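One structure below.
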Amino acid sequence: MSFAHTYFIAGHARLPQGMAAKNVYDTLTITAEIDRKYGVIIQASCTLATSHGRDFVGELLRGISLKDGIEEPIRLLQQHYRGRAIHALTAALRDLYAQFEQLGIK
């Protein structure tokens, strides 16, 4: 894929105390490569401590169009992710969506 057709955006949130990732990061970050025309998440990642957790979140978000809003991705995340970082992931996803809205993709 050509980078001329995508944006790279990030959302951030504070991690709760006691998280493994807290030893490395103070914040949790979700990054996403977004299609410029349709707002679809092509690839996503996050700073969870395990590669399994990072891969899970990336796979969960891939293919979702942010043009349709943030409620469905949040619902999917809350339904399928049962780790201690759920509140930080949700906040980071909301922040990522705020960054997306600033792009003005209609």
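General observations
- Scanning region 41-52 for residues that are touching a residue at least 24 places away in the same chain (Cβ under 8 Å), over 18 Å from residue 85 (Cβ atoms) and either hydroxyl-bearing (Ser, Thr, Tyr) or touching a helix residue (DSSP H, G or I) at 6+ places or on another chain (Cβ under 8 Å) (or both) yields a single hit, 41.
- Test: residue in region 61-69 that is surrounded by 17 or more Cβ atoms within 10 Å (Cβ to Cβ) and in contact with an Asp or Glu (Cβ under 9 Å, 6 or more places away or on another chain): yes
- Filter result for residue 28 (at pLDDT below 95 and under 11 Å from the mean Cα position of the chain (by Cα)): yes
- Unmet requirement for residue 55, which otherwise passes all of (1) under 22 Å from residue 38 (Cα atoms); (2) over 11 Å from the mean Cα position of the chain (by Cα); (3) without any contact (Cβ under 8 Å) to a residue 24 or more places away in the chain; (4) surrounded by 13 or more Cβ atoms within 10 Å (Cβ to Cβ): (1)
The values are calculated or read from the model by the stated rules, or taken from the named source; none is laboratory data. Just so you know, these numbers come straight off a predicted model, no measurement behind them. So basically every Cβ, Gly included, is an ideal-geometry build from the backbone, and we count neighbours across all protein chains shown.
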